[in-house]
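Single-structure report; data block below.
The values are calculated or read from the model by the stated rules, or taken from the named source; none is laboratory data. In this text the structure is predicted, and so the values were computed from the model without any measurement. Cβ sites come from the backbone with ideal geometry, for glycine too, and all protein chains shown count toward neighbours.
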Amino acid sequence: MDLEMRQPLIVGNWKMNGNLPESIRLATSLKNQFDDKGNIRVAIAPPFTALYSVSIALAETNIQLAGQNMFWEESGAYTGEVSGLFLKDIGCHYVIIGHSERRQYFHETDEQINLKVQAACKSELVPILCIGENLKERKAKETLSVVEKQLKLGLKDLAIHDFDNIVIAYEPVWAIGTGETASPEQIEEVHHFIRGWLKRFFDAPTANMTKLLYGGSVNPDNAMDLMKINEVDGLLVGGASLHPEDFIKIIKFEENA
Ligand code: 13P
């Protein structure tokens, strides 16, 4: 395993929370408490309207910025959309793509998600592709086939070099915002499957450098145990990332050992 390439990554997804003053306060509090030892990569994804101000608040820190979504065209008559170039322009490094809330509430398809992943790579953003099964699919023992389909369609037509910078987040839908974390066995099974799939469809070096995050009810108490799971390279944190003290404890998971 290439440890340098798979340096742990912890991303806070603020979702649709925080007006401008709240976002700046949250980012500033995070910055003040962040003791950067260079061992963990950290990013936050505020709402679009706060991205620029948060980028200024975080200037000269190693906390990176992520968009929560993007459109696949670079510019044009697409009212209400935001392109990868615009995200890059205001200092984003990552962009979350295909989050289950976008799939569920905005009916994003794997095909659209694939166009976004391709456009993110073209804009030199690191896509964080979210995949994961819902409760019905898990109960029907369809988890691996659902994940496989999302990978196959979501990563279609990507060039090997796009994988220099791609992150995959496994977020079981039933574990998001429910307080119910997937078990270590469930997470390891899916992450192992994803890594194996990447090896088969691309190659071993590509698979080995792709970061696999887990997301779904991550909190300061379970972060260390989640990070100990084989093939978990980082965490995608929702609710707990809105509380700087909790998010900092998650980032410092190693100190709870
Ligand atoms: P919670 O951590 O609130 O369960 O949300 C997870 C998530 O959706 C992160 O993208």
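So ALA66 ticks every box in (1) among the small types (Gly, Ala, Ser); (2) under 30 Å from ASN230 (Cα atoms); (3) surrounded by fewer than 19 Cβ atoms within 10 Å (Cβ to Cβ) but one. Which box is left unticked? That leaves (3) as the condition not met.
The number of residues in region 96-110 that are under 20 Å from GLU124 (Cα atoms) and either in contact with a helix residue (DSSP H, G or I) (Cβ under 9 Å, 6 or more places away or on another chain) or surrounded by fewer than 20 Cβ atoms within 10 Å (Cβ to Cβ) (or both) comes to 3.
The sole residue among LYS15, LYS31 that is among the charged types (D, E, K, R) and either within 17 Å of the chain's Cα centre (by Cα) or within 25 Å of LYS116 (Cβ to Cβ) (or both) is LYS15.
Against the list (1) among the small types (Gly, Ala, Ser); (2) over 20 Å from the mean Cα position of the chain (by Cα); (3) loosely packed, with under 14 Cβ neighbours inside 10 Å, the condition SER53 fails is (3). Looking at region 26-44, is at least one residue surrounded by fewer than 17 Cβ atoms within 10 Å (Cβ to Cβ) and more than 17 Å from ILE248 (Cβ to Cβ)? No: zero hits. For the residues ILE251, ILE229, the requirement of being at negative phi and either in contact with a strand residue (DSSP E or B) (Cβ under 7 Å, 6 or more places away or on another chain) or of a type in the set (Phe, Trp, Tyr) (or both) singles out ILE251. The condition (being outside any helix (DSSP H, G or I), within 25 Å of LYS211 (Cα to Cα) and not aliphatic (A, V, I, L, M)) is satisfied by just one residue among LYS15, LYS31: LYS15. Confirm whether VAL146 is hydrophobic (A, V, I, L, M, F, W, C) and part of a loop (DSSP other than H, G, I, E, B). Spelling it out, it is not the case that VAL146 is hydrophobic (A, V, I, L, M, F, W, C) and part of a loop (DSSP other than H, G, I, E, B). Where helices (runs of 4 or more DSSP H) fall wholly inside region 34-113, no range has 3 or more residues that are touching a residue at least 60 places away in the same chain (Cβ under 8 Å), on the phi < 0 side of the Ramachandran plot and away from the ligand (no atom under 16 Å from the Cβ).
Taken across region 107-119, residues that are farther than 22 Å from TYR170 by Cβ and at pLDDT 95 or above do occur, with at least one present.
Residue-wise test of (1) closer than 22 Å to LYS15 by Cβ; (2) surrounded by 19 or more Cβ atoms within 10 Å (Cβ to Cβ); (3) among the aromatic types (Phe, Trp, Tyr).
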{"position": "ILE131", "(1), (2), (3)": "yes, yes, no"}
{"position": "GLU137", "(1), (2), (3)": "no, no, no"}
{"position": "ALA140", "(1), (2), (3)": "no, no, no"}
{"position": "LEU144", "(1), (2), (3)": "no, no, no"}
{"position": "LEU151", "(1), (2), (3)": "no, yes, no"}
{"position": "ASP157", "(1), (2), (3)": "no, no, no"}
{"position": "ILE168", "(1), (2), (3)": "yes, yes, no"}
{"position": "VAL173", "(1), (2), (3)": "yes, yes, no"}
